[in-house]
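Enquirer: Okay, here's the structure, questions in a sec.
The values are calculated or read from the model by the stated rules, or taken from the named source; none is laboratory data. Not measured: the values here are computed from a predicted model. Methodologically, a virtual Cβ is constructed for each residue, glycine included, from the backbone with ideal geometry; neighbour enumeration extends over all protein chains shown. Only protein heavy atoms, including side chains, enter the accessible area calculation; ligands, DNA and RNA are left aside. Shrake-Rupley method; radii C 1.70, N 1.55, O 1.52, S 1.80 Å.
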Amino acid sequence: MSSNIFDQIQTVILTEKATLLSEQHGKYVFRVAPSANKLEIKQAIEKLFKKTVVAVNTANYAGKKKRERRADYGRKPHWKKAIVTLKAGEKLDLV
């Protein structure tokens, strides 16, 4: 549990699917710290953007195996995604 809200939210995910979620359903997708829980994510979003968060859904992703030199294998880091639902009528201006 880290105390800084900037450690919880790493970046915004701007893909086609994430853009459709934000336009049609008021949901925004963020890449968050793997140690962050839903309550910490909710508090960080509300404090950073001054918006009301209704729900937070999270998903953990395993890092993929990648080839390094010769026959060695490395691994990309594990990461976590959060889908944040805002109160009806509220929007985030991310871009």
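Enquirer: Toward the positive end of the charge dipole of the chain, about the Cα centre and with charges on Cβ (Lys, Arg +1; Asp, Glu -1), which of Gly63, Ser22, Leu92 goes farthest?
Expert: Gly63
Enquirer: Something else: Any idea what the dipole of the chain comes to, in debye rounded to 20, about its Cα centre with Lys/Arg Cβ at +1 and Asp/Glu Cβ at -1?
Expert: Dipole about the Cα centre, nearest 20: 520 debye.
Enquirer: Find the accessible area per residue for segment 26-95; the probe is 1.4 Å, ligands and nucleic acids are left out, and the unit is Å².
Expert: 70
Enquirer: Round to the nearest 10 and give me the degree value, 0 to 90, for the angle of helix 16-25's Cα axis relative to the longest principal axis of the chain.
Expert: 20
Enquirer: Give me the percent of the accessible area of segment 1-84 that comes from carbon and sulfur atoms, probe 1.4 Å, all protein chains in place.
Expert: Carbon plus sulfur share of accessible area: 50 percent.
Enquirer: Starting from the Cα of Lys81, draw a straight line to each of the aspartates and glutamates and keep only those under 15 Å, dropping any in the same chain fewer than 8 residues away.
Expert: Asp7, Glu40
Enquirer: Right, something else. Using only the alpha-carbon atoms, what does the chain span along each of its principal axes? Please give whole angstrom values in decreasing order.
Expert: Result for the chain: principal-axis Cα extents of 54, 32, 21 Å.
Enquirer: Among all the aspartates and glutamates, which ones have a C-alpha under 19 Å from Lys91's C-alpha, if same-chain residues fewer than 8 places away are not counted?
Expert: Cross-link targets: Glu16, Glu23, Glu46.
Enquirer: Which angle from 0 to 90°, rounded to the nearest 10, does the C-alpha axis of helix 38-49 make with the longest principal axis of the chain?
Expert: That works out to roughly 60 degrees.
Enquirer: Also: Determine the alpha carbon to alpha carbon distance for each of Lys38/Lys66; Lys27/Lys50; Lys17/Lys80; Lys27/Lys80 and list only those over 21 Å.
Expert: Lys38/Lys66
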